[in-house]
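Colleague: Quick one: structure below, then a few questions.
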Amino acid sequence: MDVILGMLFGILAVVVIWVIVIYNALVASANQMKNAFSQIDVQLQRRYDLIPNLVETAKAYMQHERETLAAVIAARDSAQAASKKVARDPGAMAELAAAETGLSGLLTKFFALSEAYPDLKANQNMAQLQEELASTENRISFSRQAYNDAVMHYNVRRETFPNVLFAASLGFRAATQWETEAPAAVRQNVQVKFS
């Protein structure tokens, strides 16, 4: 009887230690993923801070483009709000990706329109802000890649056996990668035509 009881306690101790190891590994992966998103968030905030300065610089030159300028600021505010939601709810990643796609589209339109204003193109402040924004976009891209790598690592750890047996009951939900809003459109070949 003592041998059987000792074996049961031994098996129970092994199972408890095993669950603790699984839990700690999942916590470490979840924290790496949160840290990776924090790096994106820092760059997004830098971008959000640059946009009003960019719009303000352009206002004096682009009197006829008020709607575009207002739309850029509204898209920035929407993306910033979505970014704050992701910090509280990782499931809001799709909303942030959509808001960022909208903002990127409006910034592209804004820069295309600014090309029609030679004085604005020659403005040193505008050129510096555009350069900072381009640098920030590159940083965001690298941060997104690191975030997606961390999400993949976390999801693999969460979904592999034996972790899959305990992950959901321990409160570890699947994480969402940051994907482009319209992946099919992004992956299309660019058509180059010479007239």
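The values are calculated or read from the model by the stated rules, or taken from the named source; none is laboratory data. Model, not experiment: these values are computed from the prediction. Cβ sites come from the backbone with ideal geometry, for glycine too, and all protein chains shown count toward neighbours.
Colleague: Do you know which residues across segment 171-195 are surrounded by 11 or more Cβ atoms within 10 Å (Cβ to Cβ) and either modelled with pLDDT under 90 or on the phi > 0 side of the Ramachandran plot (or both)?
Modeller: Within segment 171-195, the subset surrounded by 11 or more Cβ atoms within 10 Å (Cβ to Cβ) is 172-182.
The answer is ARG173, ALA174, ALA175, THR176, GLN177, TRP178, GLU179, THR180, GLU181, ALA182.
Colleague: So, ILE4, is that one farther than 29 Å from GLY171 by Cβ, among the aliphatic types (A, V, I, L, M) and outside any loop (DSSP other than H, G, I, E, B) or not?
Modeller: On the way: farther than 29 Å from GLY171 by Cβ: yes; among the aliphatic types (A, V, I, L, M): yes; outside any loop (DSSP other than H, G, I, E, B): yes.
It is true that ILE4 is farther than 29 Å from GLY171 by Cβ, among the aliphatic types (A, V, I, L, M) and outside any loop (DSSP other than H, G, I, E, B).
Colleague: Considering segment 1-52 alone, what residues qualify as being within 30 Å of LEU96 (Cβ to Cβ), of a type in the set (A, V, I, L, M, F, W, C) and more than 14 Å from the chain's Cα centre (by Cα)? Even if it seems obvious, please write down each step before you answer.
Modeller: The first filter runs over segment 1-52 and keeps only residues within 30 Å of LEU96 (Cβ to Cβ), leaving 22-52.
Now narrow it down to the ones that are of a type in the set (A, V, I, L, M, F, W, C): 22, 25-28, 30, 33, 36-37, 40, 42, 44, 50-51.
Scanning segment 1-52 gives ILE22, ALA25, LEU26, VAL27, ALA28, ALA30, LEU50, ILE51.
Colleague: In segment 38-49, is there at least one residue being surrounded by fewer than 17 Cβ atoms within 10 Å (Cβ to Cβ), more than 18 Å from LEU106 (Cβ to Cβ) and of a type in the set (Gly, Ala, Ser)?
Modeller: Scanning segment 38-49 turns up at least one residue that is surrounded by fewer than 17 Cβ atoms within 10 Å (Cβ to Cβ), more than 18 Å from LEU106 (Cβ to Cβ) and of a type in the set (Gly, Ala, Ser).
Colleague: Moving to a separate point now. Would you confirm, using the coordinates I've provided, whether ASP41 is among the charged types (D, E, K, R), in a helix (DSSP H, G or I) and in contact (Cβ under 8 Å) with a residue 40 or more places away in the chain?
Modeller: Judged against the criteria, ASP41 is a match.
Colleague: Follow-up. Using the structure shown, decide if SER83 is within 29 Å of the chain's Cα centre (by Cα) and loosely packed, with under 14 Cβ neighbours inside 10 Å.
Modeller: no
Colleague: Quick check on my filter: what residues within segment 122-144 are part of a helix (DSSP H, G or I) and in contact with a Ser or Thr (Cβ under 7 Å, 6 or more places away or on another chain)? Can you show your working first?
Modeller: Kept after step one, since they are part of a helix (DSSP H, G or I), are these residues of segment 122-144: 122, 124-144.
Residues satisfying the conditions are ASN125, MET126, LEU129.
Colleague: Then there is this: With the checklist (1) more than 18 Å from PHE37 (Cα to Cα); (2) of a type outside the set (Asp, Glu); (3) touching a Phe, Trp or Tyr at 6+ places or on another chain (Cβ under 6 Å) in hand, flag the one item GLN80 doesn't pass.
Modeller: (1)
Colleague: Among the residues in segment 158-168, are any over 23 Å from GLY91 (Cβ atoms) and either surrounded by 13 or more Cβ atoms within 10 Å (Cβ to Cβ) or touching a residue at least 12 places away in the same chain (Cβ under 8 Å) (or both)?
Modeller: Checking segment 158-168: at least one residue is over 23 Å from GLY91 (Cβ atoms) and either surrounded by 13 or more Cβ atoms within 10 Å (Cβ to Cβ) or touching a residue at least 12 places away in the same chain (Cβ under 8 Å) (or both).
Colleague: Being small (Gly, Ala, Ser), part of a helix (DSSP H, G or I) and farther than 18 Å from LEU44 by Cα is true for just one of ALA75, ALA98, ALA58, ALA92. Which residue is that? Quick ask: steps written out before the conclusion?
Modeller: Working: ALA75 fails: farther than 18 Å from LEU44 by Cα; ALA98 fails: farther than 18 Å from LEU44 by Cα; ALA92 fails: farther than 18 Å from LEU44 by Cα.
After ruling out the rest, the residue left standing is ALA58.
Colleague: Looking at segment 59-72, is at least one residue at pLDDT below 85, on the phi < 0 side of the Ramachandran plot, surrounded by 13 or more Cβ atoms within 10 Å (Cβ to Cβ) and among the hydrophobic types (A, V, I, L, M, F, W, C)?
Modeller: Within segment 59-72, one or more residues are at pLDDT below 85, on the phi < 0 side of the Ramachandran plot, surrounded by 13 or more Cβ atoms within 10 Å (Cβ to Cβ) and among the hydrophobic types (A, V, I, L, M, F, W, C).
Colleague: Could you tell me whether segment 121-128 includes any residue that is modelled with pLDDT of 80 or more and in contact with an Asp or Glu (Cβ under 9 Å, 6 or more places away or on another chain)?
Modeller: Looking through segment 121-128, none of the residues is modelled with pLDDT of 80 or more and in contact with an Asp or Glu (Cβ under 9 Å, 6 or more places away or on another chain).
Colleague: Any idea which residue in segment 22-34 is nearest to ARG158 (Cα to Cα), counting only those that are in contact (Cβ under 8 Å) with a residue 12 or more places away in the chain and in contact with a Phe, Trp or Tyr (Cβ under 9 Å, 6 or more places away or on another chain)? Quick ask: steps written out before the conclusion?
Modeller: Filtering segment 22-34 for residues in contact (Cβ under 8 Å) with a residue 12 or more places away in the chain gives 22-23, 25-26, 29-30, 32-33.
Remaining after also requiring in contact with a Phe, Trp or Tyr (Cβ under 9 Å, 6 or more places away or on another chain): 22-23, 26, 29-30, 32-33.
Values: ILE22: 9, TYR23: 10, LEU26: 7, SER29: 9, ALA30: 10, GLN32: 13, MET33: 13 Å.
Checked segment 22-34; the qualifying residue nearest to ARG158 (Cα to Cα) is LEU26.
Colleague: Let me ask something else about it. Out of the residues in segment 95-114 that are closer than 16 Å to THR57 by Cα and buried (at least 18 other Cβ atoms within 10 Å of the Cβ), which is modelled with the lowest pLDDT?
Modeller: Filtering first and then ranking leaves SER114.
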